[in-house]
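Working notes, beginning with the structure itself.
The values are calculated or read from the model by the stated rules, or taken from the named source; none is laboratory data. Small disclaimer: the values here were computed from a predicted structure and weren't measured. With ideal geometry, Cβ positions are generated from the backbone for all residues, glycine too; neighbour counts draw on all protein chains shown. For accessibility, only protein heavy atoms count, side chains too; no ligands or nucleic acids. Shrake-Rupley method; radii C 1.70, N 1.55, O 1.52, S 1.80 Å.
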Amino acid sequence: MKNLIQRYLQEEPELAYADEIRQLLEQDASDELSLRFEGLWRFGTAGFRAKMGSGRMRLNRVSVAKIAYAVAKYLSANSKVVIGFDGRHHSNDYAILVAQILNAAGHEASVFQKMVPTPICAFAVTYLKANAGIMITASHNPPADNGIKIYGEDGAQLIAPHTNAIEAVLDNAPDFGQITLSQATPSAVPESVIDAYFASLPTRGSAPTTAKIVYTPMHGVGGDFATRALESAGFHNVHMVASQAKPDGNFPTVEFPNPEEPGALNEALAALNATQADLILANDPDADRLAVCIGQTALTGNQIGVLLGSYLIENRQPSDKQPLVMSTVVSSRMLSKIAAKNGVSYAETITGFANIAHQALEREASLNEAFLFGYEEALGYCVGNHVRDKDGISAAVAFAQLFSELAWQNKTVFDELDRLSLTYGLHRSLAWSCRGELKTILARSENIQGFEKQTAAHPGLLIYSGNHDLRLIVRPSGTEPKIKFYAEVIAYPKTPRELSDMTLELDAFLKTVQDQVNLALQG
């Protein structure tokens, strides 16, 4: 530890950061120093993420430079790289730093000239035929965090063994002062990329687009992009939440800038009441996720996923390729049933859109399939194959079109959910998380009374079964220090009355599942 600290103090260019570490040393703050110095940088489910600040395991110019150095060594000679950044603190600075290091290493790195959503950076990789893409973002994480997502030439996030190769170089990266930086201003990503992205989005549907929409980018970068996309699709009555309209890395109106978190949509709900709008569409700060409220009711990620999946399957265009839809092991089992009944291929992966993207690419190449839609329950959706990652903007357009189609037929979103439940089975789900000492939480999750433990098909998961076709999955988050729990139960009502009764029964049962889990976590 002492050697790691001394090395860092010698290479840290920001005096304030170095002074902060010296103060922690004087205070003998060993626990805090351990958090900042122990460990190795490793890819999570969406690249690297950490708190910004001083220390070897914090995100700062030293750590960003070493990650960029490792990427530069990993890439083939003279690679073309596109770099994007969001509205978080230091995102622009880190993007320029990464470009300077890549260019000094002989690569051709260009940087977007303004903040962009993550899906546009991913789109740019394939559109410009680049060899890699790098996005500086921590997505929906707390304000203190930032991160780095890395895409390969196929537009999908890197997975093993490519991530392993970068980690191996990173573990032995030189000191900051020994990493060469180009002094030239990085070239700009062409503005035409953004226009091309919009040209790839869903076009106007056949239904009237009279829906009154409240939209919030949640202090992120989605505002101008999502409203332009909705406008292009014919949705002219869009009200932006004024208090959250501009990018702000402090995220002043939300405790966590994650639309899943309680209270995150309060400003949007107030705007809905004031404007008497029909629905809320909300992106997270880098616009790769989508949340939806109908009236005062927030739809779950699984509800949005099966609604979009069913809509896109039933309205797909004829093709000589077999359509493919995908989800993750922690998402609802309903999409697989919708696909099977409609003659569409279905595949499932472990959590993380990198896994969805790579399996989709493999199946497209080997099975003559065409990716139509994919989702994971944490509000991540991918409509079509123009972006090989989550895309909250194209998903927002697709959902607005779905809403309009239903309204044209004098139906509501809840009518459609009832139809799906009567056709494919009532699937009720509940997801929650627990923050704390992760090893302790996982250890206590190993033996939850009242459920039968199953053999997990994927490492890192705990799976339990129980009454009502229960599937309970426990896994560590790949982007935040918390453990996540996913419970789903299924019943098969035959009438609307049975559907209503079974919904109440299953929701009550899910609450008992959550209570039993929480009791086990108390030790």
Task: Answer label for Cα Rg over 2.2 N^0.38 Å (calculated), chosen among [x] 1.14; [y] 0.98; [z] 1.24 - done: [y]
Task: Simple spin-label estimate for residue 26 and residue 261 in nanometres, 7 Å along Cα-Cβ - done: 3.3
Open item on the list: With a 1.4 Å probe and all protein chains left in place, how much accessible area per residue does the range 142-282 have, in Å²?
Closed with: 43
Task: Exposure of residue 56 as accessible area (Å², to 10), given a probe of 1.4 Å and all protein chains - done: 70
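Mind checking the dipole of the range 384-516: about its Cα centre, +1 per Lys or Arg Cβ, -1 per Asp or Glu Cβ, Debye to the nearest 20?
On the way: 16 positive and 17 negative charges, 84 e Å.
Computed about the Cα centre, the dipole is about 400 debye.
For the range 178-260, which GluC sites (Glu not before Pro) are in a loop by DSSP, counting at most 13 other Cβ atoms within 10 Å?
Details: sites: 191, 231, 255, 260; in loops: 191, 255, 260.
Passing both the DSSP loop test and the Cβ count: 191, 255.
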Task: Value at 222 nm in deg cm²/dmol, rounded to 500, when DSSP H runs of n ≥ 4 in the chain each add -39,500 (n - 2.57) - done: -12500 deg cm²/dmol
TODO: Mind giving me the nanometre distance, one decimal, between the label points for residue 456 and residue 15, set 7 Å out from Cα along Cα→Cβ?
DONE: 4.9
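Order 51, 149, 337, 439, most accessible first, counting only protein heavy atoms with a 1.4 angstrom probe. Spell out each step's value before the answer.
Values: 51 105, 149 0, 337 55, 439 160 Å².
If we order 51, 149, 337, 439 from most to least accessible, we get 439, 51, 337, 149.
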- [ ] Using DSSP to define loop residues, name the GluC sites (Glu not before Pro) in the range 435-477 whose beta-carbon has at most 15 other beta-carbon atoms within 10 Å.
- [x] 437, 446
Open item on the list: If I fit a long axis through the Cα atoms of helix 91-104 and take the longest principal axis of the Cα atoms of the chain, what angle between them do I get, 0 to 90°, rounded to 10?
Closed with: 60
Task: Nearest 10 degrees, 0 to 90: helix 15-26 Cα axis against the chain principal axis - done: 90
Open item on the list: To the nearest 20 Debye, how big is the dipole of the range 268-363 about its Cα centre, given +1 on the beta carbon of each Lys and Arg and -1 on that of each Asp and Glu?
Closed with: 360
- [ ] Determine, from the Cβ-Cβ distance of residue 434 and residue 206 and an R0 of 51 Å, the FRET efficiency 1/(1 + (r/R0)^6), rounded to the nearest 0.05.
- [x] 0.65
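So how do 85, 414 rank on accessible area, 1.4 Å probe, biggest first, that is with the largest at the start? Spell out each step's value before the answer.
Details: 85 15, 414 80 Å².
Ranked from most to least accessible, the order is 414, 85.
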TODO: Choose one of 459, 432, 442: the residue whose Cα lies farthest towards the positive end of the charge dipole of the range 396-494 (beta-carbon charges +1 Lys, Arg; -1 Asp, Glu; about the Cα centre).
DONE: 442
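Just how large is the dipole of the range 375-416 about the Cα centre, in debye to the nearest 20, putting +1 at every Lys and Arg Cβ and -1 at every Asp and Glu Cβ? Let's see the in-between values first.
Working: 3 positive and 7 negative charges, 25 e Å.
The dipole magnitude comes to about 120 debye.
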TODO: Just subtract the alpha-carbon distance of residue 482 and residue 317 from 0.36 nm times their residue separation and send over the number in nm, one decimal.
DONE: 55.3 nm
Open item on the list: Among 35, 79, 89, whose Cα projects farthest towards the positive end of the dipole of the range 1-102, with charges put on the beta-carbon of Lys, Arg (+1) and Asp, Glu (-1)?
Closed with: 79
- [ ] Note down the accessible area of residue 214, probe 1.4 Å, to the nearest 10 Å².
- [x] 0
Open item on the list: Tell me the angle of helix 413-424 to the major Cα principal axis of the chain, expressed in degrees between 0 and 90 and rounded to the nearest ten.
Closed with: 80
TODO: Answer with one residue from 282, 272, 110: the one whose Cα lies farthest towards the positive end of the charge dipole of the chain, charges on Cβ with Lys, Arg +1 and Asp, Glu -1.
DONE: 110
- [ ] Kindly sort 57, 135 by accessible area of their heavy atoms, largest first, with the probe set to 1.4 Å.
- [x] 57, 135
Open item on the list: Tell me the accessible surface of residue 408 in square angstrom (1.4 angstrom probe, heavy atoms of protein chains only), to the nearest ten.
Closed with: 140
